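Following: one structure in structure tokens, then a few remarks.
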Amino acid sequence: MCYKVFNEDCFDWMENQSENTITAIVTDPPYGVKEYTEKELVKKRAGSGGIWRIPQKFDGCTRQPVPRFSVINDDPEERKNVYLFFERWARLAKKILVPGGHIFLASTPLLSDIVGSALRSAGLEKRGEIIRSVCTLRGGDRPKNAEDEFPELSVIPKALWEPWCLYRKPLAEKTVAENLRVWKAGALRRPAIDRPFSDFIQSEKTPKIERDIVNHPSIKPQSFLRQIVRAALPLGEGIVLDPFSGSGSTLAAADYLGYDSIGVEKDTEFFRQSLHAIPKLSKLYGQTTLQI
Ligand SMILES: C[S@@+](CC[C@H](N)C(=O)[O-])C[C@H]1O[C@@H](n2cnc3c(N)ncnc32)[C@H](O)[C@@H]1O
């Protein structure tokens with residue numbers, strides 16, 4: 001098994017790839033679109049805020065700043081930008097995926113409709129939505145600056161799950177079986193012979209041991225990634241791509257599973273960190289503790 005990481009913009013990288021070369025994509029894109037811009041990264045690295053910081057005063061309580069604060073709102077211009085970003089991305093993904101290749105794409109309940117329609121209009125088939133159960137700090141709060149007046153209200157539900165959109169490039173062969181024989185893609189690998197891959201995955205916040213290995217604001221846990229990366233290559237053959245690879249966590253999960261993978265990360269600092277992090281994350285927990 002092997003992995004490669006490229007320090008590039010994934011749109012450029014995908015443009016330059018040949019058709020039908022990637023077996024599956026597992027990725028967690030920058031949802032605010034502006035979230036990972038140069039300007040926001042500079043602010044974050046200077047320790048002067050940036051969009052990852054939830055205000056210290058929030059919901060009438062004082063909190064520690066936490067990573068990643070979504071800045072998406074219902075501004076039509078912003079919604080249009082998200083749609084265009086994902087439509088362009090999905091057209092490139094469709095080109096490089098083999099027929100029947102799956103895409104697992106992290107989303108948020110506030111945006112998955114826009115992202116889904118962009119992926120569909122690019123010609124990808126919706127195959128389901130995976131619920132990753134995880135207690136986030138988003139939502140649930142009382143009306144701002146009126147917490148005492150409305151103690152019994154929440155303005156928006158507290159988010160206890162994260163949707164992962166599941167899409168597939170249409171098959172090229174007549175049946176799934178034939179597509180699997182020709183392209184090694186078209187279905188999802190079961191966690192065990194007597195257990196189908198299912199769309200609810202009990203998850204957790206990324207453990208400290210993983211966050212101590214690599215300082216990335218959006219690192220996903222190995223316990224979850226190992227399950228979906230495993231499902232992404234139905235026959236355990238081919239290449240998994242993470243075009244927004246961040247800390248390299250998807251590649252680490254692939255490495256753990258003995259899969260080949262490719263990552264693309266635009267930011268040079270995250271790219272460098274991922275080179276050190278991948279082998280360390282991959283070795284965590286041993287081979288026997290994975291609950292799949
Ligand atoms: C939400 S994070 C991914 C985190 C990753 N799943 C992990 O567990 O570490 C998105 C990543 O995409 C990178 N990124 C943003 N735009 C990009 C682009 N156009 N091409 C490649 N990487 C990009 C950001 O720098 C960031 O590291």
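The values are calculated or read from the model by the stated rules, or taken from the named source; none is laboratory data. The structure presented is a predicted model; accordingly, all values stated were derived computationally and were not measured. Glycine also receives a Cβ, built like all others from the backbone with ideal geometry; neighbour counts cover every protein chain displayed. For the accessible areas, the whole protein counts, side chains as well, though only heavy atoms, and no ligand, DNA or RNA atoms are used. Shrake-Rupley method; radii C 1.70, N 1.55, O 1.52, S 1.80 Å.
Before moving on, here are some points about what is shown:
- Full extension of the segment from GLU204 to ASP113, taken as 0.36 nm per residue of separation minus the current Cα-Cα distance, would add 30.3 nm.
- Multiplying the residue separation of ARG195 and GLU237 by 0.36 nm and subtracting their alpha-carbon distance yields 13.1 nm.
- When SER154, SER249 are compared by accessible surface with a 1.4 Å probe, the order from highest to lowest is SER154, SER249.
- Summing charges over all other residues whose Cβ lies under 15 Å from the Cβ of TYR256, with Lys and Arg as +1 and Asp and Glu as -1, gives +2.
- Efficiency of FRET between ASN215 and SER154 - r from beta-carbon atoms, R0 35 angstrom, step 0.05: 0.65
- Largest-first principal axis extents, alpha carbons of the chain, Å: 63, 40, 40
- Rounded if a/c under 1.5, otherwise prolate or oblate - the range 202-248, Cα gyration tensor axes: oblate
- 1.4 Å probe accessible area per residue over the chain, in Å²: 49 Å²
- For ARG127, the residues whose amide H sits under 5 Å from its own are LEU166, TYR167, ARG168, ignoring neighbours fewer than 5 places away on the same chain, with H placed 1.01 Å from N.
- Helical contribution to [θ] at 222 nm, DSSP H n ≥ 4, -39,500 (n - 2.57), averaged over the chain, rounded to 500: -9500 deg cm²/dmol
- Greater than 30 Å apart at Cα, pairs in LYS205/LYS266; LYS158/LYS184; LYS80/LYS220; LYS80/LYS158; LYS95/LYS220; LYS4/LYS174: LYS158/LYS184; LYS4/LYS174
- Near the amide H of LEU233, within less than 5 Å, lie the amide hydrogens of ARG189, all on another chain or at least 5 residues away, with H placed in the peptide plane.
- With a simple spin-label model that places each label point 7 Å from the Cα along the Cα-to-Cβ direction, the separation between LYS174 and TRP161 comes to 3.9 nm.
- Taking all protein chains together and rolling a 1.4 Å probe, THR136 ends up with roughly 40 Å² accessible.
- Summed residue charge, Cβ within 11 Å of LEU235's Cβ, Lys/Arg positive, Asp/Glu negative: +2
- Extension gain (nm, one decimal) between TYR83 and HIS276, 0.36 nm per residue minus Cα-Cα: 66.1 nm
- Most mobile listed residue (GLY248, GLY128, GLY139) in the chain, GNM with C-alpha springs under 10 Å: GLY139
- Surface share of carbon and sulfur [accessible, 1.4 angstrom probe, percent] for the chain: 52 percent
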